[in-house]
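Notes follow the structure.
Every number in this text was worked out from the coordinates using simple rules, so none of it is lab data. All of these numbers come straight from a predicted model, not from anything done at the bench. Cβ coordinates were reconstructed from backbone atoms using ideal geometry, including for glycine residues, and neighbour counts include every protein chain displayed.
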Amino acid sequence: MTVLWEALKLITSGDRELVTICMTSLRFATTSIILASLVGIPLGFILKLKTFPGRKSILIIINSLMALPTVVVGLLVYSMVTRTGPLGSMGLLFTPVAVIIGQIILVLPIVTSMVYGSVSNMDPRLPDTLKTLGASGVSYNLMLLKEMKGPILSAVLAGFGRVIGEVGVSMMLGGNIRWYTRTITTTISLQTSKGEFEMGLALGIVLMAIAFILNFLIHLAVHND
């Protein structure tokens, strides 16, 4: 109970380091999901609505990448940005940029696959109905996105939940540097290994709260669609 009480005190007092860690995690996750969504949402629609050479191969690759462990993603990006890697001269290793790149690779297949599945399940009469109403080009795409806003929001929130709770990419590419790349999950791992449970438990409570909020928002998105 003493550890729990100390953890709650850290949260309620607005401990500077705890707030910094939480904001770092949120910044990384938000940036990653926005960039991944800008690619994944259109790609999901294209893969379902268009026919082109290599389409099935892309779908197979995306579905395979969904099961890729975070440490493997971290290792792949690490091999690219390390000093001896092809991007080593850019000095990206152990920076926020490296973490965000890894998280984008991690979450992009999830967003794309979920959007693809949502488009597959939409009313097949919807595209023809929109065209009958005179929608074409940009207006057609915007109306289609509007009609699919619930499933798309669910995909984005699910992707955000995936990256906010991952540890492998953040640890390998960010280096868990205090005040710079230290995130909720890497701090929990570090504090637990040191036997200092107060900060780890406080961050665990915050992470659980974020997960609860995300699940609530996903429920609202699906229910209101």
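Below are the figures for this structure:
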quantity: Cα-based helix-to-principal-axis angle, 96-121 vs the chain, degrees rounded to 10; calculated: 40
quantity: Acute angle (nearest 10 degrees) that the helix 197-224 long axis makes with the longest principal axis of the chain, alpha-carbon atoms; calculated: 20
quantity: Ratio Rg/Rh [Cα only; Rh per Kirkwood] for segment 169-225; calculated: 1.15
quantity: Whole-number Å³ per residue for the convex hull built on Cα positions in segment 2-224; calculated: 147
quantity: Ascending count of other beta-carbon atoms within 10 Å, so fewest first, for Val39, Val163, Val81; calculated: Val39, Val81, Val163
quantity: Relative contact order %, the chain, counting alpha carbon pairs below 8 Å whose residues are six or more apart; calculated: 31
quantity: Within a Gaussian network of the chain (alpha carbon springs, distance under 10 Å), most fluctuating of Ile33, Ile41, Ile184; calculated: Ile41
quantity: For segment 80-90, 3J(HN,Hα) per residue [Karplus equation, 6.51 cos²θ - 1.76 cosθ + 1.60, θ = phi - 60°, Hz, x = Gly/Pro]; calculated: 7, 9, 5, 4, 8, x, x, 10, x, 5, 7
quantity: Rg over Rh [alpha-carbon atoms, Kirkwood Rh] for segment 1-134; calculated: 1.14
quantity: Neighbour cut-off at most 14 other Cβ (10 Å), DSSP loop, trypsin sites (Lys or Arg not before Pro), segment 164-225; calculated: Arg178
quantity: Rough spin-label spacing in nm, given labels placed 7 Å along Cα→Cβ, for Arg16 and Ala209; calculated: 2.1
quantity: Nearest 10 degrees, 0 to 90: helix 184-194 Cα axis against the chain principal axis; calculated: 30
quantity: Student exercise, the chain dipole from Lys, Arg, Asp, Glu Cβ charges, in Debye to nearest 20; calculated: 580
